Structures are given as structure tokens and as C-alpha cells.
Amino acid sequence: MLILLLAAAPVWAGSSIAPKLDIGKGGQCVDDPKFMRKNHMQMILHQRDETMRQGIRGGKFSLAACVDCHASKKDNNVLGSNEHFCQGCHEFAAVKIDCFECHSSKRKIIAETSK
Amino acid sequence: MSDKVNFDRRQFLSKTSAAIAGIAIAPGMLLFDFAHARPAGEAASSAIRWGMLIDTNQCGNGCDECVTACNKENGLPTAKSPTDAQWIRKVELKQVSTGRQISLPMMCQHCANPPCVDVCPTNASFKRADGIVLVDKHRCIGCRYCMMACPYKARSFVHEPVLDHDSDMPRGKGTVESCTLCVNRVDRGEQPACVEACAKAGHRAILFGDLNDPNSEIHLRIRSVASSQLRADLGLNPGISFVGL
């Protein structure tokens, strides 16, 4: 039993079943990464309506800010392959990602200069 | 009695000329700012009503700087396919009897009573408190009732997938869109892209500002110059007015 546990431990610790992600700039997130992993989709849901319909700007959370931190340093994108931050995890979890049908998946400065 | 009237008139004239001299630093330069960025966390207020005054006499025939600037600002396709979105277009008019020709930019008229909002089944089409009529694309189901309801043909449907998004102006296939008065720029305290481009081209045909502010340049102009709204008979009270129609 003990041997089995020891053998199983490195599998979880090394997280070989988790996606390997390019986290971009990374650094201090707006909240704890564990919390973000589970709740990121809820955080901008309410705020987006306030911004869109009432014009309240400058909120704590912003999709553009997510992209700005987490876009790959190689191509400034959060989509593109299963190593890219958004696409990688969503592919792993088999959840369709709708945000970037309309929103830009590129880091803002890059999107501005390519205009 | 007549003396008193004359006195009042003289006083009125001297006071107003002094007031105008106080406002204007130099010809064309005004002491007051026309717009301020709204502080973060503050909602758009109904004390403001954004609008435009378009002077067709100043608008250059054949000039499309406003259209180019709009396409660039909002990441709209510039290749002209029949299904491409048009937020602003140039219209050339000719009066047959006199041969008089005018040219003007046409876009969403940002009505006070917008028919596009009335017909929207999902409340995606809405008027913001400061008078800007927008489409909430999170809610839009692409039914296009608003496009049918708009008497100005101001709205477009996005038929093709959008590949190169603008960071400030999300757009997507299957939704309706139209001029937003460059809402992101206005919230920052800037002018819409078309207004800036028109001034840069030397025409200064579009004046943008707060219609409710009695000291704003647009308010003063509308009070002193004859202007008209398009299809005023419909009672929609557009925020865009025209001089020289």
C-alpha cells in the first residue's frame, strides 16, 4: 500500500496530467491563482454589464488585462496552440471559449500597432 | 417706457459681448474645455447628452477622412465587400431643380427615442444614460429587427468571422453594430475619431459636445445657427443635427 502511494505521489506532484502552459508575463495576479482557476469566468461577468450598459470604467477586473499579462511572450497571444494560456487549459478541460469571438486575444500594444 | 426697453437692450448687449470676450481667448479658441474624462467607477450620467452638429457647408465633397478614421479606430474591414459593416458613410446630395450639391457624413443619429431599442427582443440594443445608442453584443442574437426599424439605415450586421480584433472595440460575427460615438474615447474625455479626422483635414465640419451643457460650443452653435435633424417628423429627436441641409 505504501509503495503504491509513493509510486502515485510523483504523478500528481509533477502534474503530468495538467496542461503545460506558457503563462506569459505572469507575476502577481488580481487574486490567488487557485481561486482564479476556478472562478475567473465569474469575475468579469457582472462587471462587463456595468461597463457596457452604464459606462462604469476602470474596474478591478478586465479581460484586456488578463490578456496583457498572460499572452505568450513569443507571439503576444493567448490563443494559438495547446500551450497558450487560455486555449491550452480550455482544450484540456474541453470547455468552449467564447470571449475571443469578439474580444481581441492579442496584447493591446501589438493589436494597436498592427492596426 | 421706451427708454427702459432701450436701456435693458443696451445692458444686454454689453453684458453678452463681455461674456463672449471672457469665454474666447482668441478666435476659435475657447476658455472652457468641452469634455472631461469621467472618473473611474462613475456611471454615465443623464445630465449629459452627447451629440454632434454637422455643417454641410464645411464638409468636403469627395473627402472621406471621417470614414477612413472610423474604420481604422474601430478595426472595421477596409476592403469594400457588399456585406462589410459601415458605421459611417459619405452621402452626396443634389437638388435637381437648382443643381445645388451638398455632401455629408451619415451615421447612427443617436436618437432620444430610438426605434432600434423599442424593437429589440433581448434588450441588446439600448440607450446609455448620456444619450449614446449602443448594441450590447453579449445579448445580441443577430435577429436584425433593429436594422429594419432604423429609418437611417445606420446599422450593419457582421456576416463574416472577425479575425483581427481591435482591443477597444470588440466585434463578432452574428451581431449587429453601428456607430458608438467612439464611446471608449468619449469616456476618456477625447473626441470621436471622425471629428478629429475632419478637423485634421481642415474641414471642421463636425462639432461634438454635450447638448445639455449651456456653455458647450455645440450648445452655443445650435442656439445661434439654423440647424435641422433628419426626418424630424418621426419625432425620434436625433442627437445629430445638420447645418445647411
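Listed by first and then second residue, the pairs linking a residue in the range A:68-84 that is β-branched (V, I, T) to a residue that is not in a helix (DSSP H, G or I), with Cβ atoms under 6 Å apart and 6 or more places separating them unless they lie on different chains, are A:V78/A:A71; A:V78/A:H84; A:V78/A:S105.
Can you tell me which residues in the range B:72-93 are within 14 Å of chain A (Cβ to nearest Cβ) and either aliphatic (A, V, I, L, M) or out of contact with any Lys or Arg (no Cβ under 9 Å at 6 or more places or on another chain) (or both)? The answer is B:L76, B:P77, B:A85. Selection within the range B:172-181: residues that are within 13 Å of chain A (Cβ to nearest Cβ) and in contact (Cβ under 8 Å) with a residue 24 or more places away in the chain. The member of this set that is farthest from B:C140 (Cα to Cα) is B:L181.
Pairs are defined by a Cβ separation below 6 Å, a sequence spacing of at least 6 or placement on different chains, a first member in the range B:40-56 that is within 22 Å of A:M52 (Cβ to Cβ) and more than 14 Å from chain A (Cβ to nearest Cβ), and a second member that is in a loop (DSSP other than H, G, I, E, B) and at pLDDT 95 or above; the pairs so defined are B:G51/B:L211; B:G51/B:G239. Where strands (runs of 3 or more DSSP E) sit wholly within the range B:101-215, those with at least 3 residues that are crowded, with 19+ Cβ neighbours inside 10 Å occupy B:101-107, B:133-135, B:206-210.
Go through the range A:37-85 residue by residue and tally those that are under 10 Å from the mean Cα position of the chain (by Cα) and at the interface with another protein chain (Cβ under 10 Å from one of its Cβ atoms). Going through the range A:37-85 one residue at a time, the tally reaches 2.
Restricting the first member to the range A:15-42 and to residues that are at negative phi, and the second to residues that are among the β-branched types (V, I, T) and surrounded by 12 or more Cβ atoms within 10 Å (Cβ to Cβ), the beta-carbon pairs closer than 8 Å and six or more apart or on different chains are A:M36/A:V30. Of all residues in the range B:65-80, exactly one satisfies the criterion of being outside any helix (DSSP H, G or I) and among the β-branched types (V, I, T), namely B:T78. For the subset of the range A:86-113 comprising residues that are surrounded by 14 or more Cβ atoms within 10 Å (Cβ to Cβ), assigned to a helix (DSSP H, G or I) and away from chain B (no Cβ under 11 Å), which member is nearest to the chain's Cα centre (by Cα)? Selected residue: A:C86.
Looking only at the range B:114-150, residues that are touching a helix residue (DSSP H, G or I) at 6+ places or on another chain (Cβ under 6 Å) and more than 26 Å from A:H46 (Cα to Cα) come to 4 in all. In the condition set (1) away from every other protein chain (no Cβ under 11 Å); (2) under 23 Å from A:R107 (Cα atoms), B:D164 is compliant with all but (1).
The values are calculated or read from the model by the stated rules, or taken from the named source; none is laboratory data. Treat the numbers as computed from the prediction; the structure is a model and nothing was measured. Don't worry about glycine lacking a Cβ; one is built from the backbone with ideal geometry, like all the others, and counts go over all protein chains shown.
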